[in-house]
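The values are calculated or read from the model by the stated rules, or taken from the named source; none is laboratory data. For clarity, every value in this text was computed on a predicted model and none was experimentally measured. Quick reminder, even Gly has a Cβ in these numbers, built from the backbone with ideal geometry, and neighbours come from all protein chains shown.
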Amino acid sequence: MIPKKKRWPIFLALAFVAVFFLAGCQVQKEKGEDVSQEAQPYEGYPAPDFQLKDLSGETVRLSDLRGKAVLINFWSMSCSTCLSEMPDFEEFYRAKPENVEVLMINLDRDPDKVRTYIQNKRYTFRVLCDQKGETVRSYLIRGVPTTILVDEEGVIRSRIEGPVTREMLDSMVSTCGPDSPT
């Protein structure tokens, strides 16, 4: 049994914690926020919007692509696995359905080096540059390659951390059509 003199500080500490916990819940409720509708980088949540420049300097905003499924791949030149899956992405890109966009988000700091690599390999998919790592942070990318499929309504349908194949890309996108399950 705890002596009476020691009960009072314990009671105060517990009351203090309870007040702050409940105050945080109340603030959330007062703002009328629906946590389930916030952008989260996981399946079933709206995809965090981003705005990045491609290798030609044109700005691309994810939200401008609503109405199309968007296949996003995070990659780096220093990742041999990323480079080995590029031919599958190119093959997929050349045969992709009309309602699908492919965005390859590069994480390197030197866009000239990336541009030279893409040109030398004759890849035609769109490469965006995330030199500051803002998109990497908003999507909580833990490693590359990471591939994310965003459906026509801007909701993340799938997320694969690790390498993908052409067959996997086809399978991912097949879930985002008019006949796909909702």
Tally time: how many residues in the range 128-156 are closer than 15 Å to residue 102 by Cβ and assigned to a strand (DSSP E or B)? 6
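Go over the candidates 105, 156, 160 one by one and state the one that is under 19 Å from residue 44 (Cβ atoms), in the same structural domain as residue 48 (by TED's automatic domain parsing), among the aliphatic types (A, V, I, L, M) and touching a residue at least 40 places away in the same chain (Cβ under 8 Å). So that I can check it myself, show each step before the final result.
Numbers: 105 fails: under 19 Å from residue 44 (Cβ atoms); 160 fails: touching a residue at least 40 places away in the same chain (Cβ under 8 Å).
Answer to the check: 156.
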Top-ranked residue of the range 79-117 - restricted to ones that are buried (at least 17 other Cβ atoms within 10 Å of the Cβ) and among the β-branched types (Val, Ile, Thr), ranked as farthest from residue 50 (Cα to Cα): 114
Being more than 16 Å from residue 89 (Cα to Cα), crowded, with 18+ Cβ neighbours inside 10 Å and hydroxyl-bearing (Ser, Thr, Tyr) is the filter here; which residues of the range 130-157 pass it? 135, 139
State which residue pairs qualify: first residue closer than 24 Å to residue 175 by Cα and inside the range 122-150, second residue crowded, with 17+ Cβ neighbours inside 10 Å and of a type in the set (Lys, Arg) in any location, beta carbons under 8 Å apart, and separation of 6 or more residues or different chains. 146/159; 147/159; 148/159; 149/157; 149/159; 150/157
When residues of the range 48-72 are filtered for being over 21 Å from residue 97 (Cα atoms) and either in contact (Cβ under 8 Å) with a residue 40 or more places away in the chain or surrounded by 13 or more Cβ atoms within 10 Å (Cβ to Cβ) (or both), how many remain? 8
Does the range 73-88 include one or more residues that are closer than 22 Å to residue 154 by Cα, touching a residue at least 24 places away in the same chain (Cβ under 8 Å) and in contact with a helix residue (DSSP H, G or I) (Cβ under 6 Å, 6 or more places away or on another chain)? yes
